[in-house]
Structure formats: structure tokens, C-alpha cells
1. How high is the relative contact order of segment 169-261, in percent, with contacts defined as C-alpha pairs under 8 Å that are six or more residues apart?
2. Cα centroids of segment 169-226 and segment 545-616: how far apart, whole angstrom?
3. Mind checking the full-extension length gain between Arg222 and Asn570? Use 0.36 nm per residue of separation minus the Cα-Cα distance, one decimal, nm.
4. Name the cysteines of the chain that stand alone by the Cβ rule: no other cysteine Cβ under 4.7 angstrom.
5. Please list, in chain and number order, the residues 5+ apart from Val3 or on another chain whose amide H is under 5 Å from its amide H, with Hs placed from the backbone.
6. Let's test the formula: R0 of 41 Å, r as the Cβ-Cβ distance of Ser447 and Lys483. What FRET efficiency results, to the nearest 0.05?
7. For Lys211, which aspartates and glutamates qualify as cross-link partners when the Cα separation must be under 15 Å and same-chain residues fewer than eight apart are set aside?
8. When we measure straight from the Cα of Lys253, which aspartates and glutamates land under 19 angstrom away, once same-chain ones fewer than 8 places off are left out?
Amino acid sequence: MPVESLFPRLEALLPRVQKPIQYVGGELNSTVKDWDEATVRWALMYPDAYEVGLPNQGVQILYEILNEMPETLAERTYAVWPDLEALMRAEGVPQFTVDAHRPVRAFDVFGVSFSTELGYTNMLTALDLAGIPLVAADRGDDDPIVLAGGHAAFNPEPIADFLDAAVLGDGEQIAIAITEVVREWKAEGSPGGRDELLMRLAESGGVYVPKFYDVDYHPDGRIRRVAPNRPGVPWRVHKHTVMDLDEWPYPKKPLVPLAETVHERFSVEIFRGCTRGCRFCQAGMITRPVRERSITTIGDMVEAGVKASGFNEVGLLSLSSADHSEIGDIAKGLADRYEGTNTSLSLPSTRVDAFNIDLANEFSRNGRRSGLTFAPEGGSERMRKVINKMVTEEDLIRTVTTAYTQGWRQVKLYFMCGLPTEEDADVLGIADLARKVIKAGREATGSRDIRCTVSIGGFVPKPHTPFQWAAQADHETVDRRLKALKDALRGDKEYGRAIGMRYHDGKPSIVEGLLSRGDRRVGGVIRAVWEDGGRFDGWSEHFSYQRWMDAAAKAGVDVDWYTTREREENEVLPWDHLDAGLDREWLWQDWQDAINDVEVEDCRWTPCYDCGVCPTMGTEIQIGPTGKKLLPLTVV
Ligand code: SF4
């Protein structure tokens, strides 16, 4: 059936909205394929505004991989701002892709990539605007399969009613596998309708189809059991792990945004996974094991990506980039290669040691010397042991002082508030640390022209981490501790003016906590918030705590029960049937170690401590060194 472009109808609305450029598509390296030549068509969504969504690596990678497949087409869609949403509703214009402005409902698969749970309401807006029933059970054979992925899909239970399916882990191979299942089913004449298609996906073992699982509850509200309700559906669904990143050097042709976006650079992922074992870090836990991309592939990707995009900044991306076994050679090789050109390099600096400053110096050879960021995360040594962030006060002060003596003037330190076992003194420790940093910096440089900014985020316990059982701190406690910290810094006559503080109040973390560890009953809250106008919950100007609390009350959901309640070892957690590879007993032991201030080393350089991932997933740590060097670019 021919599918018409919605652009003529959309164009009429664009003069009346803010930043219309974000809806027009046609970016450098975007792809529009012939609709009729494709047999499987994906609409890929990042459920936030274009400026946040366009740079998303996950979407860009899948977009390119799917469009490289014959007879397969992928287009992108983003959350539209409320001004355009209102006009689209008034004029009957449905959710569209930015590539060819095709209606999302016409696609076979609507894939939504969630980095954060705060994007859930934006998915509902997109579904509703698309004309796709919000609840999966109400969808018919003409509706796309609504599929979630990304880190926030490791517990998709709160949005289970709205999803047809979810996938855990790396998307490259599973997106291709799903495409082939859909293609085969369509080629056979779509036997059994969407139910059979979902069954075929579920039977593969790599796709979670919520409707094929029943959840039973105890009278006190805890989950009794989650069990498949059909033969052939696996008890547990496993995550996907791409083992050889060199085989998947995407994005090869990065999208160049037309409108302003949060990152305007070409990002190359230098490794995936992290085994440092920070207990609060869901990303580190669910992406294990570490798989490095080789120095030569990184060099080739940078060269090809810069050439294809014209970006003048390259970011080396990963959870802890300084940990790549050949990062020194990568940094030097790239800095040599691009010296004197207008291409600059950046590295999200987080590791607290002097080596990181050497790296930062290499990276800034050809660019700006902005600020350095380190993430000690906990304000006291005890707190850092609890979260397994092995940084001593001495390390931190020495590292930051080195940065100041090497000419860096601005250092940012990232912390969390509301961590398990935290007391007021742990948070006030942040002020002490910042004072010591400035004092040592002034002594070492002889200058008063140095600054330190402490940035504090609220801790949210996440599924598949040792803190999945922990009680989240209530927002009153978090706010009280943050206020005490602010007062301590403000009241400091000697160092206070050199220390900046950035923080958010504790309320959004409670909503994030509800969504992170929620079960299917939380779906009613999400829907009620959305019906009440909830949109763009990740944006402080749009977020309304009261709206969430009112919706929870209306849906009969006790927010404290989901957030500030500590779970017992044997409680069935809503995501226990979803396998991130981590052994539950190991996670529990690590939680006990946390409470007892016991640290765990990184298994990259110490023996395996049996977290379970490698044997369960059939994977292994893959690190260098390869011993290879990056050659300078050949000038032709
Ligand atoms: S199984 Fe062992 S080697 Fe693999 S990630 Fe876990 S601790 Fe590390």
C-alpha cells in the first residue's frame, strides 16, 4: 500500500512552533529508502526532543545497520514538543518520522530506545499521536510491534502493558534477527496475526513478550511468581552481548544535526562494559563483560567518521574511557594525527588518577582546555567503600592538585546523595573534600585563580545492581543533607567562593525510583500522569512531582512501598525473569559486602570473582593490549 509523506500537512504547522528545523529531516548521512522495495520497516524512536535524541548512539547504530540490510528500511522519530503536539492533534497529523515524514503506524516495528525511565510518558504521546492503541492488548494486525530497548528496558515491567516486546542488551545482532523473523512471517502471509509473530519472537529466547507472562502477587503486594502462560515461552529472557566490537564499527556515517543538539561531535565507543564494580552503577553491571574495540579499528572509525561528517570534535565514549588498555597510545596517536588541524578530541574524564590528567593534556593539545571532571561519587572514605568506588582522599587531592599545577583552572567533582547507609556526615564530607582540594591547589600553584564545582545527583537504586534491594532515601532526607552542605560551603569564608555547587532537589529521584523498581501495577500511574498532561519528565521545567503523586494515589500505588522500602533476599523482584547475566547470589553477597564496607577489585586485572556473567552468557573479558600503534594520516 503506498504511504504518502505527511510533510505537506506538517509544513503548514511549522511556522507556528518553536524550532521547526528539528522536524524537517534531511540531515547529512540520513537515509531515505524506497518504501515499496522494503519488506520490513522500522521506525526508531528516542523518546525525547530532537536535541537530545539525535546524538543518541544506540539509535544511530541501529538506523545504519538496518538501512544497510537489503529490503529493510529504518527511519527516526523523536518526541514532539507540546506546541507541535497540540497543533498535530488539532489538524489530525499523526506521529511522523523525520526522514521521509511517514506515519509511524505504517511501519512494522516501532522500536523505542530508553536510556531513562523518564521517557515513558513521551512514548505514550508518540503512540497516541500515531494512532496506535496505548495498550498492547488493544492493538490489531495493522499496528506495528512496539518494542523497547536500551538500559531502562532491563526492567520494562512498569510499561509492560504498553509494549508488545522488549530486548535486553546490545541491539546490533538482535535487531537483525528480529527483522528476519518479521520478514519470514510476512512472506508467509502473516499467519496467525500479530499473536503468532510475537510467539515466534518469544520462542527465540531473545525477545521478552510481556503478555506471555503472568504475574501473581502475595496478599501483602509482593510478587509471588512470574511465569510463562504458554508452552514454548522461556522462563527467563537473556540479554544480548556483541562479543567482537571490531566487527560492528558503527556508526560509520554519523548523523549531522540540523538544529542545535546536546552533543555536536562524532562519538566513537572505544569499549563496552565495565567491571570496576561500582555498586550504584546499573550501566556497569548490565553491560558486562568488558569488550574493547581495538586501537586500529578506533583509528579507522575516527578517520572515516570525521571524513563522512565534517565534525570537528571527536569524543571517545565508554563507561570509563581511561580504562581502555591502550588509551595512552590511542590518545597520543589521535593527538599526533590531528595536530594542527581543526579536529579536537574529548574524553569524558572520570577516573581519579594522575594518568587521567596526562590523557587530558594529550586531548587538549589541539583544542580547548575546558574543565576536568572526576567522579569520586561518595563524600567520605566510608561511603566510597560502600559503593565500591576505590578512591582515597589522598588520591583525589593529589590528582586534582596535579591538574591545577598543569594549568587546569576548573575542576568538577561529581557526587551522589542518598546512598545506602549514608549519614549527614558523609554528605558534609563533600564540603571538606572540596576545601582540601582548593587549599592544596592554592598551595601548589601559588594562585587563587582556581575553582572547583561539586555537582550532586540523587541516588536511585536500580535493578540488576547490588543496591536493587536497598531502601531509597526519601526526598526530605536528601534535601536536608543538600541544604546542610550548601550552608557549609556558603559559610566558608576562606574557600567557599572558590567552590561552586550544583544539585537538584530529591523529588525527581523518587519518581525515577518508582519507575526503576516498579512492577506492572506502576503502569497505571504512568498512564494517569500522561493523561493529566505529563510530558518530557526528564526536563525540570516540565516535570511535576505533584502530578506523579496524585496519579499514584489515584491508581492506588503506594510510592514509599516501591522506593523507600528495603527488600528481603528472597523477595521476587519484578525483573527476576529478565537475565542480565549477573548471578543473583553474587549480587546479594555484593550488597552484604557493601553494608560491611568490603571492596571488590576489578576482574580485568584480578582473578574472576564469579559475578556470573561470563559463564551464563558464554562471554569473556576482551582487552588488549594489541601492541599496535596508530599511524598518522597519509597526506595525499
Ligand atoms: S564472570 Fe568473572 S571475569 Fe566475567 S565479568 Fe564477572 S567477575 Fe569478571
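Nothing in this text is a laboratory measurement; each read-out follows from the coordinates by a stated rule. Because the structure is a prediction, the values reported are computed rather than measured. Every residue, glycine as well, gets a Cβ built from its backbone with ideal geometry; the counts of neighbours run over all protein chains shown.
1. On the way: 74 pairs, mean separation 26.5, N = 93.
Rounded, it is 29 percent for segment 169-261.
2. 24 Å
3. Values: separation 348, 0.36 × 348 = 125.28 nm, distance 1.07 nm.
Extra length available between Arg222 and Asn570 comes to 124.2 nm.
4. Those would be Cys274, Cys417, Cys452, Cys603, Cys608, Cys611, Cys614, since no other cysteine Cβ in the chain comes under 4.7 Å of theirs.
5. Hits under the 5 Å cutoff: none.
6. Details: r = 31 Å, r/R0 = 0.76.
Given R0 = 41 Å and the Cβ-Cβ separation, E is 0.85.
7. By straight Cα distance, Lys211 reaches Asp138, Glu157, Asp161, Asp164, Asp195, Glu196, Glu203, Asp519.
8. Within reach: Glu27, Glu51, Glu64, Glu68, Glu75, Asp99, Glu172, Glu264, Glu269, Asp300, Glu303, Glu313.
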